[in-house]
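Student: There's a structure below that I have some questions on.
The values are calculated or read from the model by the stated rules, or taken from the named source; none is laboratory data. Please read these numbers as outputs of a predicted model, since none were measured by experiment. Please note: Cβ atoms are built from the backbone with ideal geometry, for glycine as well, and neighbour counts cover all protein chains shown.
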Amino acid sequence: MHVAMIGTGYVGLVSGACFADFGHTVTCIDKDASKIERLRGGGIPIYEPGLDLLVAQNVKAGRLSFDTEAAEAIHKADAVFIAVGTPSRRGDGHADLSYVYAAAKEIAGLLNGFTVIVTKSTVPVGTGDEIEKIIREARPDAQFAVVSNPEFLREGAAIEDFKRPDRVVVGTDDPRARAVMTELYRPLYLNETPIVFTTRRTSELIKYAANAFLALKITFINEIADLCEALGADVQQVARGIGLDKRIGNKFLNAGPGYGGSCFPKDTLALVRTATDAGSPVRLIETTVKVNDERKKNMAGKVSDALSGDLAGKTVGVLGLAFKPNTDDMRDAPSLDIIPALQAMGARVQAFDPESGHEARQLLRDVDFKDNPYDVAHDADVLVIITEWDQFRALDLDRVKLLMKAPVLVDLRNIYKPDEVRSRGFKYASIGRA
C-alpha cells in the first residue's frame, strides 16, 4: 500500500520507517527543508535505538523516501497519516491543534480518489470530527474517511512497540477505511496482535485514558515511596509485593523523581482541560498533575538534605538529563526542574548525559557540561543520578570516591543497592528506601 506520513517527528519517523519495513511504500513529509535534507543524507534528527539502521535499510530498498512537497505522495496514497505535534497550548493547557488543522487543510486540496486520513497525533476527543469538517468544507466532492489510530510508543523501545504492540486501536465506522487499516497492519497478524476497532471518539479517548492511568500509577508509587521513607519500609519491595498481583502488574512501579517526556505531562493536562470543559472533571488526574509537578521541584531538597541542608558554594554532579534513558528527549524532564532548584540554593552544577547534551545546552543555563560520568564526579561535593542510563549502573565507585571532594551519592532512580554503596564508604540516599 502507499502511505503518506505528514510530520517527521518522533511518531511520524518511527511509524513511517516501520510501515516501510512491513513492505508498504512510505513518503515522510515535512515543511522543514533542512530536516528532510538531513534524512535524505542518512542523518536521523532524533535518538532512538535501531532507527538509523531501519531507515537506511528501507531507503535502500526503495520503500521509504522523504519530501517537503506533499502533492505526489498524497495523490498516490491509500492512507495519509497526520503525525504532527500537539504541544500544550500556552496559557490554558489545552492541546494546540493548529498543526493538525493546517495538515488537514493541505490534505484536502490534494485528495485523489478514496483516501483514509489517519490521525496518529495525540488529539482531544472530537478532533477527528473537526478534521472531517475542514476537509468536507474544502472538498465537498472528495471521497475520504477520517480515522483515529493513536500511537503507544515508548521512547527508547519504539520500534519493538510498533512491530510487537500490545494492541492496535483503530477508530472508524467506515467499512472501506476499516479494510484499508486492516491491510496496513496485516503483518501483525503473525503475532496475533489484537486490533481493537472502536468509534473515532472512543479511540481518541483511549489514548488519553491510557497515558493518564500510567501517569497516575507512577505518581502513586512515588507517594508510597515517600511513605516508605517516613515509616522505614522499602518501596522496591512494596512495588514487587503489589506488582505480582496480576490485577496491578509490575510495570510503571519504579519510584523516582517524577514523570516527564513528550506524552504524560501534556496529555494529562489536556485530559484535565477536556474533562473540565465537558463538565465531568477527572479529579484523580488533576491531583496527579499537581503532585508530579511538585515532586520534581522537591527533589532538590533531597540533594540538599544529603549535604546537611547547605548547598551554597557546593558542586553538584548530575548524571542524566533526558527524561528517561535511550532517548535524547528533554521535554518536561525532571532535570529541568531539579537543576534550577539546585542553582537557586547556591550550588554549582556539572552534568553529563550520553545523548541529550546538545538539547540540554539550549534549555539549561550556567551548567558545566562534561564528557563522561567521571568528569562529572571530579571535585563534586555530591553526585546525583537523575536518569538511569545503563552506563551509570556499574560505575567504578572506588574511582568515583577518589575523584569527589566527599563521597556522597543521591540515587533518584534506585539503581544501586544501599548496603553495597555504603560499604564503599559513601553517604547514600535514594527514593523510598532506608
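Residues are listed down the side, and each one gets a yes or a no for (1) at pLDDT below 95; (2) over 29 Å from Phe264 (Cα atoms); (3) basic (Lys, Arg); (4) not in a helix (DSSP H, G or I):
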{"residue": "Asp92", "(1), (2), (3), (4)": "yes, no, no, yes"}
{"residue": "Ala103", "(1), (2), (3), (4)": "no, no, no, no"}
{"residue": "Asn112", "(1), (2), (3), (4)": "yes, yes, no, yes"}
{"residue": "Glu132", "(1), (2), (3), (4)": "no, no, no, no"}
{"residue": "Ile135", "(1), (2), (3), (4)": "no, yes, no, no"}
{"residue": "Val147", "(1), (2), (3), (4)": "no, no, no, yes"}
{"residue": "Phe152", "(1), (2), (3), (4)": "no, no, no, yes"}
{"residue": "Glu160", "(1), (2), (3), (4)": "no, no, no, no"}
{"residue": "Val180", "(1), (2), (3), (4)": "no, yes, no, no"}
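Student: Moving on. Within the stretch 240-265, track down each residue that is hydrophobic (A, V, I, L, M, F, W, C) and over 23 Å from the mean Cα position of the chain (by Cα).
Tutor: Ile242, Leu244
Student: Here is a follow-up. If you go through the stretch 216-226 one residue at a time, do you hit one that is among the aliphatic types (A, V, I, L, M), assigned to a helix (DSSP H, G or I) and without any contact (Cβ under 8 Å) to a residue 12 or more places away in the chain?
Tutor: There is no residue in the stretch 216-226 that is among the aliphatic types (A, V, I, L, M), assigned to a helix (DSSP H, G or I) and without any contact (Cβ under 8 Å) to a residue 12 or more places away in the chain.
Student: Against the definition (touching a residue at least 60 places away in the same chain (Cβ under 8 Å), crowded, with 23+ Cβ neighbours inside 10 Å, of a type in the set (Phe, Trp, Tyr) and under 30 Å from Asp234 (Cα atoms)), how does Phe352 come out, yes or no?
Tutor: no
Student: Do we have Thr268 as under 25 Å from the mean Cα position of the chain (by Cα) and at pLDDT 95 or above here?
Tutor: yes
Student: Sort out which residues of the stretch 160-180 are surrounded by 13 or more Cβ atoms within 10 Å (Cβ to Cβ) and either outside the structural domain of Thr122 (by TED's automatic domain parsing) or closer than 16 Å to Asp21 by Cα (or both), and write them in order of number.
Tutor: Glu160, Asp161, Phe162, Lys163, Pro165
Student: Considering only the stretch 258-309, how many residues are closer than 27 Å to Gln343 by Cβ, of a type in the set (A, V, I, L, M) and outside any helix (DSSP H, G or I)?
Tutor: 1
The rows are residues; the columns are (1) buried (at least 18 other Cβ atoms within 10 Å of the Cβ); (2) over 30 Å from Asn112 (Cβ atoms).
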{"residue": "Ser148", "(1), (2)": "yes, no"}
{"residue": "Arg154", "(1), (2)": "no, yes"}
{"residue": "Phe197", "(1), (2)": "no, no"}
{"residue": "Phe213", "(1), (2)": "no, yes"}
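Student: Please verify whether the stretch 69-78 includes one or more residues that are surrounded by 24 or more Cβ atoms within 10 Å (Cβ to Cβ), β-branched (Val, Ile, Thr) and closer than 21 Å to Asn149 by Cβ.
Tutor: no
Student: Note down all Cβ pairs under 7 Å where the first residue falls in the stretch 104-131 and is of a type in the set (Phe, Trp, Tyr), the second is modelled with pLDDT of 95 or more, and they're at least six residues apart or on different chains.
Tutor: Going by the 7 Å Cβ cut-off, the qualifying pairs are Phe114/Gln143; Phe114/Phe144; Phe114/Arg176.
Student: When only residues in the stretch 405-419 that are surrounded by fewer than 21 Cβ atoms within 10 Å (Cβ to Cβ) and among the hydrophobic types (A, V, I, L, M, F, W, C) count, which is nearest to Val303 (Cα to Cα)?
Tutor: Looking at the filtered set, the residue picked out is Ala406.
Student: Moving to a separate point now. Looking at (1) crowded, with 20+ Cβ neighbours inside 10 Å; (2) within 25 Å of the chain's Cα centre (by Cα); (3) touching a residue at least 60 places away in the same chain (Cβ under 8 Å), which one does Asp390 not meet, given that it meets all the others?
Tutor: (1)
Student: A further question follows. If you go through the stretch 120-153 one residue at a time, how many are more than 13 Å from Tyr208 (Cβ to Cβ) and in contact with a strand residue (DSSP E or B) (Cβ under 9 Å, 6 or more places away or on another chain)?
Tutor: 14
Student: Those residues that are within 22 Å of Tyr47 (Cβ to Cβ) and aliphatic (A, V, I, L, M), I need them from the stretch 333-377; list them, please.
Tutor: Ala333, Leu336, Ile338, Ile339, Ala351, Ala360, Leu363, Leu364, Val367, Val376
Student: Go through (1) at pLDDT 95 or above; (2) loosely packed, with under 14 Cβ neighbours inside 10 Å; (3) small (Gly, Ala, Ser); (4) under 23 Å from Ile218 (Cβ atoms) for Ala434 and report which single condition fails.
Tutor: Of the numbered conditions (1) at pLDDT 95 or above; (2) loosely packed, with under 14 Cβ neighbours inside 10 Å; (3) small (Gly, Ala, Ser); (4) under 23 Å from Ile218 (Cβ atoms), the odd one out for Ala434 is (1).
Student: Next question, about the same structure. Between Val118, Val59, Val125, Val80, which is modelled with pLDDT of 95 or more, touching a Phe, Trp or Tyr at 6+ places or on another chain (Cβ under 6 Å) and either assigned by TED's automatic domain parsing to the domain that holds Thr8 or not in a loop (DSSP other than H, G, I, E, B) (or both)?
Tutor: One residue alone meets the criteria, Val118.
Student: Turning to a different aspect of this structure: Which residues, counting only those in the stretch 1-41, are among the acidic types (Asp, Glu), surrounded by fewer than 19 Cβ atoms within 10 Å (Cβ to Cβ) and within 11 Å of Asn58 (Cα to Cα)?
Tutor: Within the stretch 1-41, none qualify.
Student: Let me ask something else about it. Farther than 20 Å from Thr287 by Cα, part of a helix (DSSP H, G or I) and of a type in the set (Gly, Ala, Ser): does that describe Ala230?
Tutor: It is true that Ala230 is farther than 20 Å from Thr287 by Cα, part of a helix (DSSP H, G or I) and of a type in the set (Gly, Ala, Ser).
Student: Take the conditions in contact (Cβ under 8 Å) with a residue 40 or more places away in the chain and in a strand (DSSP E or B) and apply them to Thr27. Does it pass?
Tutor: Spelling it out, Thr27 is indeed in contact (Cβ under 8 Å) with a residue 40 or more places away in the chain and in a strand (DSSP E or B).
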